1. Output yes when any residue across region 23-33 is surrounded by 14 or more Cβ atoms within 10 Å (Cβ to Cβ), in contact (Cβ under 8 Å) with a residue 60 or more places away in the chain and basic (Lys, Arg), and no when none is.
2. From 18, 61, grab the single residue that is crowded, with 18+ Cβ neighbours inside 10 Å and either over 28 Å from residue 229 (Cα atoms) or without any contact (Cβ under 8 Å) to a residue 24 or more places away in the chain (or both).
3. Kindly evaluate residue 48 against the criterion of being surrounded by 14 or more Cβ atoms within 10 Å (Cβ to Cβ) and in contact with a Lys or Arg (Cβ under 8 Å, 6 or more places away or on another chain).
4. Just the residues that are in contact with a helix residue (DSSP H, G or I) (Cβ under 7 Å, 6 or more places away or on another chain), part of a loop (DSSP other than H, G, I, E, B) and modelled with pLDDT of 95 or more, please, taken from region 12-28.
5. Hey, could you check region 80-139 for residues that are closer than 23 Å to residue 67 by Cα and among the small types (Gly, Ala, Ser) and say which is modelled with the lowest pLDDT?
6. Does region 191-209 include one or more residues that are in a strand (DSSP E or B), surrounded by 19 or more Cβ atoms within 10 Å (Cβ to Cβ) and of a type in the set (S, T, N, Q)?
7. Taking the condition of being surrounded by 24 or more Cβ atoms within 10 Å (Cβ to Cβ), β-branched (Val, Ile, Thr) and either free of Cβ contacts under 8 Å to residues at least 60 places away in the same chain or part of a helix (DSSP H, G or I) (or both), how many residues in region 152-182 meet it?
8. Have a look at 128, 76 and point out the one that is within 19 Å of residue 49 (Cα to Cα) and either out of contact with any Ser or Thr (no Cβ under 8 Å at 6 or more places or on another chain) or among the hydrophobic types (A, V, I, L, M, F, W, C) (or both).
Amino acid sequence: MTTVSQNAIEVARKSGLCKLFGIKLITHPSVVYFAANAGFDALFIDLEHSTLSLENAAGLCVSALSLNLTPFVRVPYQCGDGFKQRVLDNGARGIVFPHIYDEGDAKAAVRICKYPPTGSRSMTGQLPLFDFKTTPQAKVMHEMNEHGSTILLQIETVASVDNVEAIAAVSGVDVLLIGANDLSIEMGIAGDFENERFRDALRKVSKACHANGKIMGLAGVYNHLEYQRWAVRELGVRLILGDQDAALVAAGSKKCVEALSRL
(Lines give C-alpha, C1' and ligand atoms only; values in the text may rest on other atoms or scores of the structure.)
Protein backbone atom coordinates (compact mmCIF):
# COMPACT_ATOMS: atom_id res chain seq x y z
CA MET A 1 0.00 0.00 0.00
CA THR A 2 1.35 3.42 -0.98
CA THR A 3 2.58 5.52 1.90
CA VAL A 4 3.04 9.28 1.66
CA SER A 5 6.75 10.01 2.05
CA GLN A 6 8.32 12.84 4.00
CA ASN A 7 8.13 16.14 2.19
CA ALA A 8 10.77 18.83 1.79
CA ILE A 9 9.53 20.76 4.81
CA GLU A 10 9.98 17.79 7.11
CA VAL A 11 13.50 17.24 5.79
CA ALA A 12 14.31 20.95 6.28
CA ARG A 13 13.02 20.79 9.83
CA LYS A 14 15.70 18.23 10.64
CA SER A 15 18.59 19.74 8.71
CA GLY A 16 19.43 21.80 5.69
CA LEU A 17 17.62 24.40 3.63
CA CYS A 18 14.49 23.83 1.56
CA LYS A 19 14.98 25.53 -1.82
CA LEU A 20 11.81 26.42 -3.74
CA PHE A 21 11.45 26.97 -7.48
CA GLY A 22 8.64 29.39 -8.31
CA ILE A 23 6.27 28.81 -11.22
CA LYS A 24 3.92 31.56 -12.44
CA LEU A 25 4.45 31.54 -16.19
CA ILE A 26 5.26 28.12 -17.64
CA THR A 27 2.35 25.70 -17.73
CA HIS A 28 4.05 22.73 -19.40
CA PRO A 29 5.06 20.02 -16.87
CA SER A 30 8.53 19.87 -18.44
CA VAL A 31 9.46 22.89 -16.30
CA VAL A 32 9.32 20.59 -13.28
CA TYR A 33 12.19 18.57 -14.76
CA PHE A 34 14.30 21.72 -15.04
CA ALA A 35 13.64 22.44 -11.36
CA ALA A 36 14.55 18.88 -10.38
CA ASN A 37 17.67 18.84 -12.55
CA ALA A 38 18.84 22.10 -10.99
CA GLY A 39 18.56 20.59 -7.51
CA PHE A 40 15.53 22.37 -6.09
CA ASP A 41 13.63 20.60 -3.32
CA ALA A 42 10.13 21.91 -3.88
CA LEU A 43 7.87 23.94 -6.16
CA PHE A 44 6.07 27.18 -5.35
CA ILE A 45 3.19 27.13 -7.84
CA ASP A 46 1.63 30.58 -7.85
CA LEU A 47 -2.10 30.91 -8.43
CA GLU A 48 -2.25 34.32 -6.76
CA HIS A 49 -0.20 36.41 -9.20
CA SER A 50 -0.51 34.49 -12.48
CA THR A 51 -2.91 33.21 -15.11
CA LEU A 52 -2.22 29.58 -14.17
CA SER A 53 -5.38 27.50 -13.83
CA LEU A 54 -6.24 24.78 -11.35
CA GLU A 55 -5.72 22.28 -14.17
CA ASN A 56 -2.24 23.71 -14.83
CA ALA A 57 -1.42 23.43 -11.13
CA ALA A 58 -2.65 19.84 -11.00
CA GLY A 59 -0.42 18.82 -13.92
CA LEU A 60 2.60 20.48 -12.33
CA CYS A 61 1.88 18.85 -8.97
CA VAL A 62 1.57 15.35 -10.41
CA SER A 63 4.81 15.80 -12.34
CA ALA A 64 6.54 16.98 -9.17
CA LEU A 65 5.32 13.98 -7.20
CA SER A 66 6.74 11.63 -9.82
CA LEU A 67 10.15 13.31 -9.46
CA ASN A 68 10.10 13.37 -5.64
CA LEU A 69 9.76 17.16 -5.56
CA THR A 70 7.34 18.65 -3.05
CA PRO A 71 4.65 20.77 -4.76
CA PHE A 72 3.26 23.70 -2.80
CA VAL A 73 0.56 25.92 -4.27
CA ARG A 74 -0.10 29.53 -3.34
CA VAL A 75 -3.82 30.18 -3.60
CA PRO A 76 -5.49 33.53 -4.32
CA TYR A 77 -6.48 35.59 -1.30
CA GLN A 78 -10.02 34.81 -0.09
CA CYS A 79 -10.50 32.21 -2.83
CA GLY A 80 -12.83 30.09 -0.70
CA ASP A 81 -12.46 26.80 1.14
CA GLY A 82 -13.81 24.78 -1.78
CA PHE A 83 -11.02 25.98 -4.05
CA LYS A 84 -8.38 25.16 -1.43
CA GLN A 85 -9.74 21.62 -1.10
CA ARG A 86 -9.55 21.17 -4.87
CA VAL A 87 -5.91 22.28 -4.85
CA LEU A 88 -5.07 19.66 -2.22
CA ASP A 89 -7.18 16.96 -3.88
CA ASN A 90 -5.29 17.48 -7.14
CA GLY A 91 -1.78 16.87 -5.89
CA ALA A 92 -0.52 19.79 -3.80
CA ARG A 93 1.34 18.70 -0.68
CA GLY A 94 0.68 21.99 0.98
CA ILE A 95 -0.92 25.40 0.54
CA VAL A 96 0.65 28.83 0.80
CA PHE A 97 -1.88 31.24 2.30
CA PRO A 98 -1.28 34.92 1.42
CA HIS A 99 -2.23 37.98 3.48
CA ILE A 100 -2.48 36.41 6.90
CA TYR A 101 -3.53 38.91 9.56
CA ASP A 102 -4.15 37.12 12.83
CA GLU A 103 -4.64 33.91 14.79
CA GLY A 104 -8.11 33.47 13.30
CA ASP A 105 -6.68 33.33 9.79
CA ALA A 106 -4.16 30.72 10.93
CA LYS A 107 -6.83 28.53 12.52
CA ALA A 108 -9.00 28.79 9.38
CA ALA A 109 -6.06 27.58 7.27
CA VAL A 110 -5.56 24.55 9.49
CA ARG A 111 -9.26 23.76 9.50
CA ILE A 112 -9.62 23.51 5.72
CA CYS A 113 -6.34 21.66 5.10
CA LYS A 114 -6.71 18.91 7.69
CA TYR A 115 -9.11 16.00 7.90
CA PRO A 116 -11.10 15.44 11.11
CA PRO A 117 -10.61 15.56 13.98
CA THR A 118 -7.97 18.25 13.37
CA GLY A 119 -9.92 20.05 10.65
CA SER A 120 -12.97 19.83 8.41
CA ARG A 121 -11.54 18.87 5.01
CA SER A 122 -13.91 16.57 3.15
CA MET A 123 -12.98 13.16 1.78
CA THR A 124 -12.53 12.06 -1.81
CA GLY A 125 -10.92 9.04 -3.46
CA GLN A 126 -8.02 8.32 -5.81
CA LEU A 127 -5.68 11.04 -4.62
CA PRO A 128 -2.45 11.76 -6.53
CA LEU A 129 -0.37 11.36 -3.37
CA PHE A 130 -1.53 7.71 -3.25
CA ASP A 131 -0.83 7.14 -6.96
CA PHE A 132 -4.59 7.38 -7.60
CA LYS A 133 -5.11 4.03 -5.86
CA THR A 134 -8.12 3.24 -3.74
CA THR A 135 -6.92 3.70 -0.15
CA PRO A 136 -8.69 3.14 3.19
CA GLN A 137 -10.07 6.40 4.53
CA ALA A 138 -8.35 6.05 7.89
CA LYS A 139 -4.99 5.75 6.14
CA VAL A 140 -5.69 8.73 3.88
CA MET A 141 -6.67 10.90 6.83
CA HIS A 142 -3.61 9.98 8.88
CA GLU A 143 -1.04 10.17 6.08
CA MET A 144 -2.39 13.39 4.60
CA ASN A 145 -2.67 15.11 7.97
CA GLU A 146 0.88 14.11 8.85
CA HIS A 147 2.73 14.45 5.53
CA GLY A 148 0.48 15.72 2.75
CA SER A 149 -1.04 19.01 3.87
CA THR A 150 1.73 21.41 4.85
CA ILE A 151 0.46 24.84 5.89
CA LEU A 152 2.59 27.84 4.93
CA LEU A 153 1.32 31.22 6.14
CA GLN A 154 2.65 34.36 4.51
CA ILE A 155 3.70 37.02 6.98
CA GLU A 156 3.37 40.03 4.71
CA THR A 157 1.20 42.46 6.62
CA VAL A 158 1.98 44.76 9.53
CA ALA A 159 -0.86 43.10 11.42
CA SER A 160 0.65 39.65 10.94
CA VAL A 161 3.96 40.84 12.40
CA ASP A 162 2.13 42.43 15.33
CA ASN A 163 0.22 39.17 15.91
CA VAL A 164 3.02 36.77 15.01
CA GLU A 165 3.32 35.17 18.46
CA ALA A 166 -0.34 34.14 18.43
CA ILE A 167 -0.13 33.01 14.79
CA ALA A 168 2.96 30.90 15.45
CA ALA A 169 1.28 29.25 18.44
CA VAL A 170 -1.51 27.74 16.31
CA SER A 171 -1.18 23.96 16.19
CA GLY A 172 -0.95 22.55 12.66
CA VAL A 173 0.84 25.52 11.11
CA ASP A 174 4.21 24.49 9.68
CA VAL A 175 5.84 27.55 8.11
CA LEU A 176 5.75 31.31 8.57
CA LEU A 177 6.87 32.64 5.19
CA ILE A 178 7.99 36.24 4.93
CA GLY A 179 6.43 38.00 1.92
CA ALA A 180 9.16 40.62 1.71
CA ASN A 181 7.71 42.87 -0.96
CA ASP A 182 4.20 43.29 0.42
CA LEU A 183 5.49 43.58 3.96
CA SER A 184 7.97 46.31 3.10
CA ILE A 185 5.27 48.17 1.16
CA GLU A 186 2.88 48.00 4.12
CA MET A 187 5.65 49.31 6.34
CA GLY A 188 6.15 52.30 4.03
CA ILE A 189 9.68 51.23 3.02
CA ALA A 190 8.98 49.49 -0.29
CA GLY A 191 11.85 47.21 -1.27
CA ASP A 192 14.16 48.56 1.43
CA PHE A 193 15.01 45.21 2.96
CA GLU A 194 18.15 46.60 4.57
CA ASN A 195 16.09 49.03 6.65
CA GLU A 196 16.54 48.25 10.33
CA ARG A 197 12.78 48.37 10.92
CA PHE A 198 12.36 45.64 8.33
CA ARG A 199 15.16 43.57 9.84
CA ASP A 200 13.57 43.97 13.27
CA ALA A 201 10.27 42.69 11.89
CA LEU A 202 12.05 39.60 10.59
CA ARG A 203 13.79 39.13 13.92
CA LYS A 204 10.40 39.19 15.65
CA VAL A 205 9.08 36.51 13.29
CA SER A 206 12.23 34.43 13.85
CA LYS A 207 11.78 34.60 17.62
CA ALA A 208 8.17 33.45 17.36
CA CYS A 209 9.14 30.57 15.06
CA HIS A 210 11.86 29.36 17.42
CA ALA A 211 9.56 29.62 20.43
CA ASN A 212 6.81 27.56 18.76
CA GLY A 213 8.74 25.06 16.67
CA LYS A 214 7.77 26.57 13.32
CA ILE A 215 9.94 26.86 10.22
CA MET A 216 10.72 30.38 9.04
CA GLY A 217 10.74 31.00 5.30
CA LEU A 218 11.78 33.89 3.08
CA ALA A 219 10.27 34.94 -0.25
CA GLY A 220 10.73 38.05 -2.35
CA VAL A 221 14.43 38.65 -1.72
CA TYR A 222 16.26 37.38 -4.80
CA ASN A 223 19.87 37.62 -6.03
CA HIS A 224 20.99 38.98 -2.67
CA LEU A 225 23.23 36.27 -1.24
CA GLU A 226 24.50 38.31 1.70
CA TYR A 227 20.99 39.06 2.88
CA GLN A 228 19.92 35.44 2.38
CA ARG A 229 23.01 34.28 4.29
CA TRP A 230 22.05 36.59 7.17
CA ALA A 231 18.52 35.20 7.14
CA VAL A 232 19.72 31.61 7.22
CA ARG A 233 22.55 32.00 9.76
CA GLU A 234 21.15 34.67 12.06
CA LEU A 235 17.40 34.16 11.83
CA GLY A 236 17.35 30.42 11.28
CA VAL A 237 15.47 30.57 7.96
CA ARG A 238 15.07 27.03 6.61
CA LEU A 239 13.02 27.69 3.47
CA ILE A 240 13.79 30.12 0.66
CA LEU A 241 11.95 30.85 -2.57
CA GLY A 242 14.98 31.04 -4.89
CA ASP A 243 13.16 32.86 -7.70
CA GLN A 244 10.35 32.37 -10.19
CA ASP A 245 10.41 31.06 -13.73
CA ALA A 246 9.54 34.41 -15.34
CA ALA A 247 12.42 36.21 -13.63
CA LEU A 248 14.86 33.40 -14.38
CA VAL A 249 13.94 33.43 -18.07
CA ALA A 250 14.21 37.23 -18.18
CA ALA A 251 17.61 37.25 -16.46
CA GLY A 252 18.96 34.45 -18.62
CA SER A 253 17.73 36.13 -21.80
CA LYS A 254 19.34 39.44 -20.85
CA LYS A 255 22.62 37.76 -20.00
CA CYS A 256 22.62 35.95 -23.33
CA VAL A 257 21.99 39.12 -25.35
CA GLU A 258 24.65 41.03 -23.40
CA ALA A 259 27.16 38.29 -24.17
CA LEU A 260 26.26 38.25 -27.86
CA SER A 261 26.49 42.05 -28.02
CA ARG A 262 30.14 41.86 -26.98
CA LEU A 263 31.08 39.67 -29.94
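The values are calculated or read from the model by the stated rules, or taken from the named source; none is laboratory data. Model, not experiment: these values are computed from the prediction. Quick reminder, even Gly has a Cβ in these numbers, built from the backbone with ideal geometry, and neighbours come from all protein chains shown.
1. yes
2. 61
3. Spelling it out, residue 48 is indeed surrounded by 14 or more Cβ atoms within 10 Å (Cβ to Cβ) and in contact with a Lys or Arg (Cβ under 8 Å, 6 or more places away or on another chain).
4. 24, 25, 26, 27
5. The extreme case among them is 125.
6. No: region 191-209 contains no residue that is in a strand (DSSP E or B), surrounded by 19 or more Cβ atoms within 10 Å (Cβ to Cβ) and of a type in the set (S, T, N, Q).
7. 4
8. 76
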